[in-house]
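Structure, as structure tokens:
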Amino acid sequence: MRVLHLCVNGDRLEVAAPPHWTLLEVLRYKLGLTGSKQGCDKGDCGACTVLVDGKPVLACLTLAALSEGREITTIEGLMPAHRQAGGEGADPVQEAFDRCGALQCGFCQPGMMLSARALLNDNPTPSPAEIKHALSGNLCRCTGYTQIVQAVELCVAESTSKKPRSPAWAPGVNPWSRAEPASGGQD
Amino acid sequence: MKSFELVMPKTLDEAIAALPESGQPTERVRVLAGGQDLLGEMKESLVTPERVVNLKTVPGIEGHEPTAEGGLRIGALTRLIDLERDEGLQGSHPMLVEAAAAVATPQIRSMGTLGGNLCQRPRCFYYRNPHSPCLKKGGTECFSYGGLNKYNAILGGGPSYIVHPSDVAPALVSYDAVFTLLGPAGEREVPADSFFTLPSSGEVTRENVLAANEIVTAVTLPAGREAWKATYLKVRERDSFDFALSAVALALKMNGDLIEQARLTLGGVAPKPWRCTSTEELLVGRKIDEETCRLAGEDALRMAEPLEQNGYKVPMTQGLIRRALQALAS
């Protein structure tokens, strides 16, 4: 065991863990932060994605002992950080995922949303291709990719006050946009 | 993952001192840089080190600086994402940037390092399966030869048929890079092309000449490569992220329309980055036209000996060579 000094979602924590434990294991099984998912546990799926100093990394392939002195952000920290910065409600990424129905089972969502948040922090106006590139390390086995990318696109459009692109099945309108409420019966 | 002693050296000398001395068992110690390959190997119990030496606490082996000779020295602990996003490198050494960007996922490039990418172990199904006692793990047989070999070598295979998994390595071979290796006796410089070994010429359980008590500390690109045209092209089965089915690292020094010098290295098709020296000679003095593309593809794959399931790699690689030449012609 060694005592680790971690900074998780702005909280400075002391936690005892064996030297071979990954950051994911410490987050889930010592700190109770189960939003970061243990999927493949070997770097294929991206479900364990967290932000370390603002960059998306795989918590399953990061030793907790090497995360000392870094700012770690998990999905649990997105909304508090957004509110602390003066925002209302959830982080705009979470909010857009919610409105767009960008999830089925939800297992990939924490990782997806953190990859999207890291992208938007670096590049507030990414192209659809850049969005796909940034999310390329997050697998969704429900294959809900279309609405996931659309959620990030909507988030970008609303943050820059641009008209959001329409999904193919609703030409001319974006049924999820706050500015253009859905006129049809589509959820 | 089995428990281990985690060593946090403050200097390179301390790191070297934590590695096994000559004659000691080498399997008990592993060097950790980004850890993106090593932790996967440890989780599968392919390696079970008693000691892990963390290089991230060692200062001075990240970033890049010009050398006195006009080249560029890049620290081995430089993260792949920092190569990918380096605007200076994008202009001066685009092939290295393209290769770094082709590695795995944004998450893995955020942690993965240049040196770690060069020293990563093979991805062969039989090697990665903890229950398969294959040749690479000290067993007696390469199961891919008569088994599942869709992703295995078509060039330089035997007695093991792995392919080298690195994207960055073929680009560095085509840039004539030199690797700096540090050991107890000091530094030695090894050209990229000589760093990687074939299973038939080196130890079959290793892919390079790095000794167990050595660390790759830097990669140096020679002067003048800014004036070459170069590109790295990669084909993957899954486009979002995957290892290469085939890859081409092509660098050309042009004189007007004519090729004055060429470097062609293939990835994903051989147990090491596969330098095509005869094709490089064939290209010299030629224009990039249809006949040149055809001849280069034929020559580079002349020695190919596909296994039962990977014959597709021959036309795929020839197509990639054609695309790389055409990309550099425009």
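Let me confirm something: among A:83, A:117, which residue is touching a helix residue (DSSP H, G or I) at 6+ places or on another chain (Cβ under 8 Å), of a type in the set (D, E, K, R) and away from chain B (no Cβ under 12 Å)?
A:117
Anything in segment A:43-76 that is touching a Gly at 6+ places or on another chain (Cβ under 7 Å), over 20 Å from residue A:141 (Cβ atoms) and away from chain B (no Cβ under 11 Å)? List them, or say none.
Those that are touching a Gly at 6+ places or on another chain (Cβ under 7 Å), over 20 Å from residue A:141 (Cβ atoms) and away from chain B (no Cβ under 11 Å): A:74, A:76.
Would you check which residues across segment A:1-60 are buried (at least 19 other Cβ atoms within 10 Å of the Cβ), of a type in the set (Ser, Thr, Tyr) and part of a loop (DSSP other than H, G, I, E, B) and list them?
Within segment A:1-60, A:36 is the sole residue that qualifies.
Could you list, in sequence order, the residues of segment A:61-79 that are of a type in the set (S, T, N, Q) and part of a loop (DSSP other than H, G, I, E, B)?
A:62, A:67, A:74
May I ask you to list pairs of residues, at least six apart or on different chains, whose Cβ atoms are under 6 Å apart, with the first in segment B:98-115 being touching a residue at least 60 places away in the same chain (Cβ under 8 Å) and the second being among the polar types (S, T, N, Q)?
Once the first residue is touching a residue at least 60 places away in the same chain (Cβ under 8 Å) and sits in segment B:98-115, its partners that are among the polar types (S, T, N, Q) give B:105/A:136; B:108/B:36; B:111/B:36; B:112/B:36; B:114/B:78.
Residues B:277, B:292: which one is hydroxyl-bearing (Ser, Thr, Tyr) and open to solvent by less than 10 Å² (accessible area, probe 1.4 Å)?
None of the other options fit; the residue is B:292.
Only residues that are assigned to a loop (DSSP other than H, G, I, E, B) and either within 14 Å of another protein chain (Cβ to nearest Cβ) or open to solvent by less than 20 Å² (accessible area, probe 1.4 Å) (or both): list them for segment B:13-37, please.
B:18, B:19, B:20, B:33, B:34, B:35, B:36, B:37
For residue B:68, are the conditions met, namely being of a type in the set (Gly, Ala, Ser) and within 17 Å of the chain's Cα centre (by Cα)?
When the stated conditions are applied, residue B:68 does not pass them.
In this structure, does residue A:86 turn out to be within 20 Å of residue B:57 (Cα to Cα), open to solvent by 50 Å² or more (accessible area, probe 1.4 Å) and out of contact with any Leu (no Cβ under 6 Å at 6 or more places or on another chain)?
So residue A:86 fails the test.
Of everything in segment B:94-114, what is away from every other protein chain (no Cβ under 12 Å) and open to solvent by 10 Å² or more (accessible area, probe 1.4 Å)? Give them in sequence order.
Within segment B:94-114, B:94, B:97, B:98 meet the criteria.
The values are calculated or read from the model by the stated rules, or taken from the named source; none is laboratory data. A quick note: this is a predicted structure, and the numbers were derived from the prediction, not measured. Cβ atoms come from the backbone with ideal geometry, glycine included; neighbour counts cover every protein chain shown. The accessibility values were calculated without ligands, DNA or RNA, using every heavy atom of the protein model including side chains. Shrake-Rupley method; radii C 1.70, N 1.55, O 1.52, S 1.80 Å.
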